[in-house]
């Protein structure tokens, strides 16, 4: 008797959340995106506007770019919204998506403690700053998670002529976590760290961290969006997903992105019109 | 959620987003415990009352499974439920049900192992009586579960503690989606990563308060129950 009652209760509990029910009830898509779009607060601002207009709920999984693309590869997301052009082009060439749309950009900033142990203050040359960090053995936090920011960081070391795989030592700590966690770690250990500007501006635990290097054109950070190929993954909601992409690159969506500011400072610059981006 | 709210404001003001997160957390944890009870208590009773070859090993295995690493369970359930996995067609990944499944796997061994111990200890007491009164096996299990119910509640509370505090498994299989699969623990992880430490601490206080409240409720129910049951 009791067991039967418990079984019925369990079934009721589960049926409350059955997938069929949620599909019948609402139009929703899953977007695999990066920690930077979430930690910067962009989605919190942008998605309610999109949902109000279209009635489509967007479920965001915030991961590093590499992991977000893998989520798309397994067919667990309808749309991927990431920031590492080389990795996105790889995704396209595998046929995982048919088209990549540039959406917006911002830039990376090198964050460091105000005490500036590597003496990089004032420079806008990222390569010189990285060389100085290595020469002084100043602590540096690496995302180490195949995210867009991690990929960009590795590229910057390479452009500075440093083989970081070979040179890294106790001063270089690869933590394998998201942008916010990396900033927290840098804050707690007075270390340097590469961050996207959006996450940095929205970050609440800055304490004695500050921007060390910014404005180098090598620190450009482009975001792109892609629909996961429905021919490879039949469960992909291609119409709803495409509707989201079309809105992001539309005049209206681009304006919403450009309007997102913290303390009057924009976090992202829309550039869907730049087909080369 | 208003990320500028201080911890105190957040705890005092009833924020609808926070309420939804708390309800989802409770829903997931309690469902997992319910499933664990349905599977774990009969399983524990069965192992307690039967004698079979390899029983010692089964008990060691069951006890060891209490220490299942949540992140490994999360990964296994993730691979199972992924669209490219064997159960991908269910479309259950990144849903609350996926989180319930992962937590039920974590909690069931705890309930089963503790139930086995409780029921086995009781049986030692009742064995002669059962033999004298010629009680059948089904009735024996029923009597032992019923008479051990107050200790079994403690086993369920241990399971609830595990599931309510857990973040490693549900963040993998749930995806921490705002308004859909975001629970207390994953929200705390997120706010910490945003550097919003006061809000993270506030959420932590709320979570601990809820766990204390549930345990207080169970204690009160047990005390009342014992009084009337004599």
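In the set (1) assigned by TED's automatic domain parsing to the domain that holds residue A:84; (2) in contact with a strand residue (DSSP E or B) (Cβ under 6 Å, 6 or more places away or on another chain); (3) assigned to a helix (DSSP H, G or I), residue A:226 fails one condition alone, (3).
Of the strands (runs of 3 or more DSSP E) lying entirely inside segment A:27-88, the ones with 2 or more residues being within 11 Å of another protein chain (Cβ to nearest Cβ) and touching a strand residue (DSSP E or B) at 6+ places or on another chain (Cβ under 9 Å) are found at A:27-34, A:56-63. When the criteria are applied in full, residue A:63 fails the requirement of being within 12 Å of the chain's Cα centre (by Cα) and surrounded by fewer than 24 Cβ atoms within 10 Å (Cβ to Cβ). Checking every residue in segment A:164-175 against the condition of being crowded, with 22+ Cβ neighbours inside 10 Å and modelled with pLDDT of 95 or more gives zero matches.
Within segment A:202-216, the residues that satisfy the criterion of being part of a strand (DSSP E or B) and either out of contact with any helix residue (DSSP H, G or I) (no Cβ under 7 Å at 6 or more places or on another chain) or within 14 Å of chain B (Cβ to nearest Cβ) (or both) are A:209, A:210, A:211.
When each of A:131, A:158 is tested for being under 24 Å from the mean Cα position of the chain (by Cα), modelled with pLDDT of 95 or more and over 22 Å from residue A:184 (Cβ atoms), the lone residue that passes is A:158. Evaluating residue A:119 against the criteria (1) touching a residue at least 24 places away in the same chain (Cβ under 8 Å); (2) over 16 Å from the mean Cα position of the chain (by Cα) leaves one unmet condition, (1). Could you check, for segment A:99-112, whether at least one of its residues is under 27 Å from residue A:277 (Cβ atoms), assigned to a loop (DSSP other than H, G, I, E, B), at pLDDT 95 or above and under 23 Å from the mean Cα position of the chain (by Cα)? There is no residue in segment A:99-112 that is under 27 Å from residue A:277 (Cβ atoms), assigned to a loop (DSSP other than H, G, I, E, B), at pLDDT 95 or above and under 23 Å from the mean Cα position of the chain (by Cα). Condition check: surrounded by 19 or more Cβ atoms within 10 Å (Cβ to Cβ), touching a residue at least 24 places away in the same chain (Cβ under 8 Å) and part of a loop (DSSP other than H, G, I, E, B). Does residue B:68 satisfy that? Spelling it out, it is not the case that residue B:68 is surrounded by 19 or more Cβ atoms within 10 Å (Cβ to Cβ), touching a residue at least 24 places away in the same chain (Cβ under 8 Å) and part of a loop (DSSP other than H, G, I, E, B). In the set B:78, B:130, only one residue is in a helix (DSSP H, G or I) and within 14 Å of chain A (Cβ to nearest Cβ); that residue is B:78. When every residue of segment B:181-192 is checked against the conditions, at least one turns out to be facing another protein chain (nearest Cβ under 10 Å), under 29 Å from residue B:101 (Cβ atoms) and outside any helix (DSSP H, G or I). Based on what the data block shows, is residue B:159 at the interface with chain A (Cβ under 10 Å from one of its Cβ atoms) and crowded, with 23+ Cβ neighbours inside 10 Å? Answer is no for this residue.
Considering every residue within segment A:222-230, establish whether at least one is buried (at least 20 other Cβ atoms within 10 Å of the Cβ) and over 21 Å from residue A:88 (Cα atoms). No; the residues of segment A:222-230 include none that is buried (at least 20 other Cβ atoms within 10 Å of the Cβ) and over 21 Å from residue A:88 (Cα atoms). For residue B:69, the requirement of being under 23 Å from residue B:182 (Cα atoms) and within 23 Å of the chain's Cα centre (by Cα) is met.
The values are calculated or read from the model by the stated rules, or taken from the named source; none is laboratory data. Since we're looking at a predicted model, the values are computed, not measured. Note: ideal-geometry Cβ built from the backbone for every residue, glycine included; neighbour counts use all protein chains shown.
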